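First comes the structure, then the notes that go with it.
Here, each number is a calculation from the coordinates, and none is a lab measurement. Keep in mind it's a predicted model, so treat the numbers as computed, not measured. Reconstructed Cβ throughout: ideal geometry from the backbone, glycine too, with neighbour counts over all protein chains shown.
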Amino acid sequence: MSAVIDSHGHAHGHAGHHGPYSGIMRWITTTNHKDIGTMYLWFSFTMFLVGGAMAMVIRAELFEPGLQIVDPDFFNQMTTMHGLIMVFGAIMPAFVGFANWLIPMQIGAPDMAFARLNNWSFWLLPFAGSLLIISFFVPGGAPGVGWTMYAPLTVQMGMGMDLTIFAVHLLGMSSIMGSINIVTTILNMRAPGMTLMRMPLFCWTWLITGYLLIAAMPVLAGAVTMTLTDRHFGTTFFNAAGGGDPVLYQHIFWFFGHPEVYIIALPAFGVISQVIPAFSRKPLFGYASMVYATSAIAILSFMVWAHHMYTVGMPVTAQLFFMYATTLIAVPTGVKVFNWVATMWKGSLSFETPMLFAIGFLFLFTMGGFSGLVLSLAAVDIQLQDTYYVVAHFHYVMVAGALFSAFAGIYFWLPKWTGRMYNETLGKWHFWLSMIFFNMIFFVQHFLGLAGMPRRIPDYPLMFETWNKISSIGAFGFGLTQILFLYIVVKCITSGEKAPQKPWDGADSLEWTHLPTPAPYHSFETPPVLK
Amino acid sequence: MMPSKSKYRAARWAAAALLAAFSGLAQALEWNLQPPATPIAADVQGLHEYVMILVIVIFVGVFSVMFWSVYAHRKSKGHQAAQFHENTMVEMLWTVIPLIILIFIAWPATRTVIAQKDTSNADITVKATGMQWKWGYDYVKGEGEGIRLVSELSTPNEQIEGHATKDAHYLLEVDHPLVVPVGKKVRILTTAVDVVHSWWVPAFAVKQDAIPGFIRDTWFKATETGTFRGQCAELCGKNHGFMPIVVKVVPQQEYTAWVEQQKKRQASADAAVQTAEANASK
């Protein structure tokens, strides 16, 4: 590893001043992984609030039977964009933000392998996000097709559909470039002595997620491009009259769509695998098994896509194959849950906010996993497909799972990033309010699905009223609670108490043991010596 | 650390209140699959219950361990951390045992999946065509062959917009329901004319996507008479929530009488069309 060359007096026009540009140009031109990580995180939080506002509109309309606030067409636009913005604008960029901040520090590298590519990977996102928002303002509005964008409904949509397709292409490009960067960095830039089986599990989960992204995102690009050409260039991929098949779209989409959910989940698992050992003051139980389980989940994730299509009319052999493959995923996932519990067992536990969110994750993600097991059984799924049971399931794993894990990670690493502590009392309020309101929204949705309420409807029969009311009240509470989170983060950054050098005595990865708090703008310009 | 007497009392009150609320709620609210009206639906309900019990047992087991740890292994209680971080025997056990449990789940599920797919030897075959936003029913084989209906939501707009009180079957009522005889195997062919829809009757545990340009099928055999209601189960545009399915299961004699009546109605409707066409060409 060559020593970093000083850029004093380089042709940048700021002779003798080593450090970032000031003002807006710093953020536009930065190639620093810490700056880029910060931008990803702020972008993701902004998108989270935008997507959250859409959820509030949805839950407001669903508070009571009848159409009170929006018309059915706009309602479909809300559900579609809520999904696209949350998945592609909020949760995925959040974990890329963590990857950028942490991977170089955790492996003892000075930055990502492709620092300029990193800048572009981020800056594609605000443009993509803008395209999604702009689609509301073109004739026909945003597409009302669900985030899954099934054909041939998509062929009926106005211009908003094309803007969305373009946005999806940009988002995909950003993810693919980011993953190439992450995989290359992890494989090539680990400090001497940092073998693969020695690096933090967070890095392992991102290494595997990187491969998933590279494999899956191009498939989504294919699906939406075929939609674009069916819409405008006379192709009939999804039109029987021309020899095509709507179900072809579903196969292509879900071949991307299933790995996609593990793309969201695996980095979340990685964060939890850092937080739980730190607050248990005990090493992660079964490190090797965790690596193998994560790999097994990733490989299996390519073989189960049609469990999203059990009602499409596939032959019985196919139903059975996908059922068996899907239920199998429960085995490595269970191994991970048991290993986290075993990490806590006989540890020396403390319950600061990161640990609270991690324990909340463990409890609620497992519940989501079990509703997934119920859904995996094709016979039962016939009743539950396209109902609120599915909505409940994926919000348990993506909100109580991935989002809570992101909260755990932010509280955990804020001191390292900013040199300041967040307010612990307020953090605990954020946790408990989120827990209570989250369950109020989504636990009752299991009942709605079982009782027969379809998803993606703006109005419903009377027997579904009570659970919907409870769910909507929970939604307003949960939404307000996230404003508290914004306050906590801003307060920490601007006026938080100075953090000690080692705020978490049980944390043992390189960023905690070998770097000051806050971490310097450039770290590990010479690699650390590992014993 | 002994909790005070008043803490116990408060806990008892809370538990009693919760129990009362829950049982009252359970009766008043919908919280489980609809009562089954076919053997397959009963199978599915049983399978779901079986898996739920298994899952709850495992969940309670695992999280009792975790919550015990949260209580007993706290740093504030002075617990010192052990440093073990692997145990091959334990890890093998908790890989193999879940695998075995999964086999115990997949086995009964397999039987039901195979049964759900067996559409052979139907007594009556009806084609359900999904359209934006209503269903068309064509009786293509068996008693009633030749009958054609279009089945559209009949809830008045005033109710949807809040200018009139909503009736009991709000959004679950149609002008012309599908009528079938009890105890006969009915095969439903599904297709669509525009986008993907899905034909779903929860009480029958039947859901089959209706795909434009293709024909899929499913089946049910209703074991009791009654009116069973479902909704479209695939997003199909703005009125996806407003194209319900209503199936009237009637005794055999009533069905035969209904078939007669439909055939007469159709014959006179066809005659009227013929006359109109003849007049128009004059």
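Could you derive backbone 3J(HN,Hα) for segment A:355-371 from the dihedral phi with the Karplus parameters 6.51, -1.76 and 1.60 (θ = phi - 60°), listing whole Hz in sequence and x where the residue is Gly or Pro?
Residue by residue, segment A:355-371 yields 5, 4, 5, 5, 5, x, 4, 4, 5, 7, 4, 5, 4, x, x, 5, 5 Hz.
Below 8 Å, C-alpha to C-alpha, sequence gap of six or more: please give me the relative contact order for segment B:124-276 in percent.
Value for segment B:124-276: 25 percent.
Of the beta bridges DSSP finds with both residues in the protein assembly as shown, what % are antiparallel, to the nearest 5?
Close to 70 percent.
Can you compute the helix-only [θ] at 222 nm over chain B? Use -39500 (n - 2.57) per DSSP H run of at least 4 residues, normalise by all residues, nearest 500 deg cm²/dmol. Mind showing how you got there, number by number?
Working: 5 runs with 122 residues, N = 282.
-15500 deg cm²/dmol, from helical runs alone.
Between beta-carbons, use under 9 Å as the cut-off and find the net charge around B:VAL186, counting Lys and Arg +1, Asp and Glu -1.
Here the count lands on +3.
Could you give the size of the charge dipole of segment A:474-527 about its Cα centre, using +1 on the Cβ of each K and R and -1 on the Cβ of each D and E, expressed in debye and rounded to the nearest 20?
240 debye
Just round it to a whole percent: the fraction of Cα-Cα distances in segment A:92-199 exceeding 21 Å.
More than 21 Å apart: 48 percent of the Cα pairs in segment A:92-199.
Can you list the lysines whose alpha carbon is less than 19 Å from that of B:LYS264, not counting same-chain residues fewer than 8 positions off?
B:LYS264 reaches B:LYS141.
Counting Lys and Arg as +1 and Asp and Glu as -1, each charge on the Cβ, what is the dipole of segment A:33-513 about the Cα centre in debye, to the nearest 20?
The dipole of segment A:33-513 has a size of about 1280 debye.
What value does segment A:178-274 have for Rg/Rh, both radii from Cα atoms and Rh as Kirkwood defines it?
Working: Rg = 18.4 Å, Rh = 15.4 Å.
My calculation of the ratio gives 1.19.
Sort B:THR227, A:THR494 by Cβ crowding within 10 Å, fewest neighbours at the top.
Values: B:THR227 15, A:THR494 9.
Ranked by crowding around the Cβ, least crowded first: A:THR494, B:THR227.
Any idea which of A:THR317, A:HIS232, A:PRO110 is furthest toward the positive side of the dipole for the protein assembly as shown, if Lys and Arg beta-carbons carry +1 and Asp and Glu beta-carbons -1?
Positive-most Cα among the choices belongs to A:PRO110.
DSSP loop (so not H, G, I, E, B), at most 13 other Cβ within 10 Å: list which chymotrypsin sites (Phe, Trp or Tyr not before Pro) in segment A:443-531 pass both filters.
Within segment A:443-531, the qualifying chymotrypsin sites (Phe, Trp or Tyr not before Pro) (loop, at most 13 other Cβ atoms within 10 Å) are A:TYR521.
How much length is gained if the chain between B:VAL65 and B:GLU86 is pulled fully straight, taking 0.36 nm per residue apart and subtracting their Cα-Cα distance, in nm to one decimal?
Gain on extension, B:VAL65 to B:GLU86, equals 5.8 nm.
Could you give log10 I(q)/I(0) at q = 0.13, 0.14 Å⁻¹ for segment B:124-276, computed by the Debye formula over C-alpha point scatterers of equal weight, without solvent?
With no solvent term, the Cα-only Debye profile gives -0.61, -0.70.
At a 10 Å Cβ-Cβ cut-off, how would you order B:VAL193, B:VAL259, A:VAL380, fewest neighbours first?
B:VAL193, B:VAL259, A:VAL380
How high is the FRET efficiency between B:GLU161 and A:ILE483 when r is their beta carbon distance and R₀ equals 30 Å, given to the nearest 0.05?
Once rounded, the FRET efficiency stands at 0.35.
Please give, to one decimal in nm, the separation of the simple spin-label points placed at A:LEU196 and A:PHE351, each 7 Å out from Cα toward the Cβ.
With each label point 7 Å from Cα toward Cβ, the separation is 4.0 nm.
Using C-alpha positions alone, give me the convex hull volume of segment A:22-147 per residue in cubic angstrom.
120 Å³
Per DSSP helix of 4 or more residues, -39500 (n - 2.57); summed, then divided by the residues of chain A. What does that give at 222 nm, rounded to the nearest 500?
-22000 deg cm²/dmol
Mean separation of Cα pairs under 8 Å and 6+ residues apart, divided by the residue count of chain A: what relative contact order is that in percent?
Values: 851 pairs, mean separation 93.5, N = 531.
Once divided by the residue count of chain A, the mean separation gives 18 percent.
Using Cα atoms only, what is the angle between the long axis of helix A:465-495 and the major principal axis of chain A, expressed in degrees (0 to 90) to the nearest 10?
The angle comes out at about 20 degrees.
Over the Cα atoms of chain B, Rg to Rh with Kirkwood Rh, two decimal places?
1.16
Roughly how far apart, in whole Å, are the Cα centres of segment B:184-205 and segment A:451-509?
Between the Cα centres of segment B:184-205 and segment A:451-509 lies a distance of 38 Å.
Over the alpha-carbon set of segment A:33-513, work out the extent along each principal axis and list the three values in angstrom, largest first.
65, 46, 44
Assuming a ≥ b ≥ c are the square roots of the Cα gyration tensor eigenvalues, decide whether segment A:383-438 counts as rounded (a/c under 1.5), prolate (otherwise, with a/b larger than b/c) or oblate.
Verdict is oblate for segment A:383-438.
If R₀ is 51 angstrom, what is the calculated FRET efficiency for the pair B:ARG74 and B:VAL193, using the beta carbon separation as r and rounding to 0.05?
Here the calculated transfer efficiency is 0.20.
With the convex hull built on the Cα atoms of the protein assembly as shown, state its orientation-averaged projected area in nm². The partial results should precede the final answer.
Numbers: hull surface 159.3 nm².
Its Cα hull, projected and averaged over all orientations, spans 39.8 nm².
Which ordering of A:HIS446, A:HIS522, A:HIS251, A:HIS395 is given by a fewest-first count of other beta-carbon atoms within 10 Å?
By the 10 Å Cβ count, ascending, the order reads A:HIS522, A:HIS251, A:HIS395, A:HIS446.
In µm²/s, what is D for segment A:344-489 at 10 °C and 1.306 mPa s, where D = kT/(6 pi eta Rh) by Stokes-Einstein and Rh is the Kirkwood radius from Cα pairs?
Estimated diffusion coefficient is 97 µm²/s.
For the charge dipole of chain A, defined by +1 on Lys and Arg C-beta atoms and -1 on Asp and Glu C-beta atoms about the Cα centroid, which residue among A:GLY401, A:ILE24, A:VAL337 has the Cα displaced farthest towards the positive pole?
Checked the options; the winner is A:VAL337.
Normalised by the number of residues in chain B, what is the relative contact order in percent for Cα pairs under 8 Å and 6+ residues apart?
Working: 422 pairs, mean separation 49.9, N = 282.
Relative contact order here is 18 percent.
Give me the aspartates and glutamates in straight-line cross-link reach of B:LYS166: C-alpha distance below 19 Å, same-chain residues under 8 apart excluded.
Straight-line reach from B:LYS166, under 19 Å: A:GLU61, A:GLU64, A:ASP71, A:ASP459, A:GLU465, B:GLU30, B:GLU152, B:GLU158, B:ASP175.
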